[in-house]
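Notes to accompany the following structure.
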Amino acid sequence: MIEKSHIGVVLIGHVDHGKSTLAGRLLFDSDQIDPHIIERYKKKAASMGKKTFEFAWVMDTLPEERERGLTIKTQIRDLYTDKYFLSIIDAPGHEDFIKNMVLGARQADAAVLVVSANEGVQVQTREHAYIAQSLGIDQMIVVINKMDITTPPYSQARYEEVVKDVNKLMRTAEFTEYAFVPASAYVGDNVVFPSETLAWYEGDTVFKILDTFEIPKRPTDLPLRWPIQDKFKVRGIGYIPVGKVEAGVIRPDDMIVFMPSNKRAQVKTIEMYKKRIERGIPGDNIGVDIRAIDGWSLKDEVKRGEVAGHIDSPPTVAKRFTARITIFSADEIYCKEGKEGEKRYYPPKIQVGFSPSIHCHTAKVTCRVVKLLAKINGSSGDVLEKNPKCIRDGDSAVVVFEPEKPFVIEKASDFPKLGRFAIRDSNRTIGAGMCLDAEKVEF
């Protein structure tokens, strides 16, 4: 079954809206996990006071995750549909683990946004949708989950109310391709099998709609760009860097360079899903056994955020970069309680000196705004004001950033996945951007 076309799908949404349970149910109802495993999880979860968590435990494997009843670390499982071999990526919903969510989302080609029918759109529902959009994910299924516990159960009126709110969010986040499914992941309604209790819904199940996703263009004709997500120690081999190939092709014996560390190496072997392969292409999550040139240590030198390319076409390390950014509407997303119950809106005005963290591919780097070149119309790109003193929520602008330390960022027109980024400040995603040009660091 490995010869089926591969696609990565990330499950996103607010904490406790049922992402992990949905993943477990998809695997169970499609006969891709043994029933005795679910039965064992069910008994163990009940003994810990976590009744109804048995499907979630398929993805939530850490003891702390099971004790707290929430996802902390991104987990990936294989799922086979009629058409695809999917990597189902279960991303954390709690705001404390947003960094892990971003890393999970950047591995995906498409997304499933899970929204509780009871709670509707929440803070992390919005933030996750905006992060997905800023990372270039443009295909989505919206699962309105927990329909079995609405009042009354399986309420069509409540479903339509939540759909209305989500539609507003999707328009604001500029999504154009998405489908809605009312479901109960725990009961199994509309996950793999149609639900008689949701007879008023005339669409397909989640499992069927996954097959409507389209595989994005895989840019094998571009120079190699392989962002490093992690590294693992393998007995008898040593440390292995892993990550998703975003552009180009990597093969055994290739000479590569990691940037911004400027460390050179030769590729020995490539593995994907514990199977040795002869090449890695865009979309492949691979691990590579390398031979360091000049005796440097992989353990100490190459870290998350590095990007590998071939020596004759190394990744761009930016000293400064010019970007087109959009700051999200504060009244839509980031209204907080201020002193004495007063409402204060976030983000504040953004001006020269403002230093948010930029999340681009697997890198997270603080970048200082050094110039505001223009305020622009977000739709047409027309210049509204040259050299503005500040920009505020809802504005789009062209700005110049200076990273506090060198990092790789490419023109979005050349390498979309390495040129788009999320802008975060004070533990909130406040905007998104794309790199227009970069001033290179000379090595």
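The values are calculated or read from the model by the stated rules, or taken from the named source; none is laboratory data. As the structure is a computational prediction, the values presented were derived from the model and not from experiment. All Cβ positions, glycine included, derive from the backbone under ideal geometry; neighbour counts span all protein chains shown.
Do we find a residue being among the hydrophobic types (A, V, I, L, M, F, W, C), assigned by TED's automatic domain parsing to the domain that holds residue 422 and farther than 29 Å from residue 441 by Cα anywhere in the stretch 378-385? So that I can check it myself, show each step before the final result.
Step one: of the stretch 378-385, the residues among the hydrophobic types (A, V, I, L, M, F, W, C) are 383-384.
Now drop any that are not assigned by TED's automatic domain parsing to the domain that holds residue 422, which leaves 383-384.
Still in the list and also farther than 29 Å from residue 441 by Cα: 383-384.
Among the residues of the stretch 378-385, at least one is among the hydrophobic types (A, V, I, L, M, F, W, C), assigned by TED's automatic domain parsing to the domain that holds residue 422 and farther than 29 Å from residue 441 by Cα, which makes the answer yes.
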In the set 242, 302, the lone residue that is modelled with pLDDT of 90 or more and either surrounded by 15 or more Cβ atoms within 10 Å (Cβ to Cβ) or not assigned by TED's automatic domain parsing to the domain that holds residue 416 (or both) is 242
Which condition breaks for residue 411 when tested against (1) free of Cβ contacts under 8 Å to residues at least 12 places away in the same chain; (2) assigned to a loop (DSSP other than H, G, I, E, B)? (1)
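Residues checked against (1) surrounded by fewer than 23 Cβ atoms within 10 Å (Cβ to Cβ); (2) farther than 14 Å from residue 8 by Cβ; (3) free of Cβ contacts under 8 Å to residues at least 24 places away in the same chain:
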site	(1), (2), (3)
104	no, no, no
111	no, no, no
114	no, yes, no
120	yes, yes, no
128	no, yes, no
131	no, yes, no
140	no, no, no
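Can you say whether residue 51 is more than 22 Å from residue 284 (Cα to Cα) and not in a loop (DSSP other than H, G, I, E, B), as far as the supplied structure shows? Spell out the reasoning first.
Numbers: more than 22 Å from residue 284 (Cα to Cα): yes; not in a loop (DSSP other than H, G, I, E, B): no.
So residue 51 fails the test.
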Restricting to the stretch 254-271, count the residues that are in contact with a His (Cβ under 9 Å, 6 or more places away or on another chain) and part of a strand (DSSP E or B). 3
Within the stretch 392-437, residues being modelled with pLDDT of 90 or more, surrounded by fewer than 18 Cβ atoms within 10 Å (Cβ to Cβ) and among the small types (Gly, Ala, Ser) number 1
Got a sec? Which helices (runs of 4 or more DSSP H) wholly within the stretch 63-168 have at least 2 residues that are under 17 Å from the mean Cα position of the chain (by Cα) and modelled with pLDDT of 90 or more? 123-134
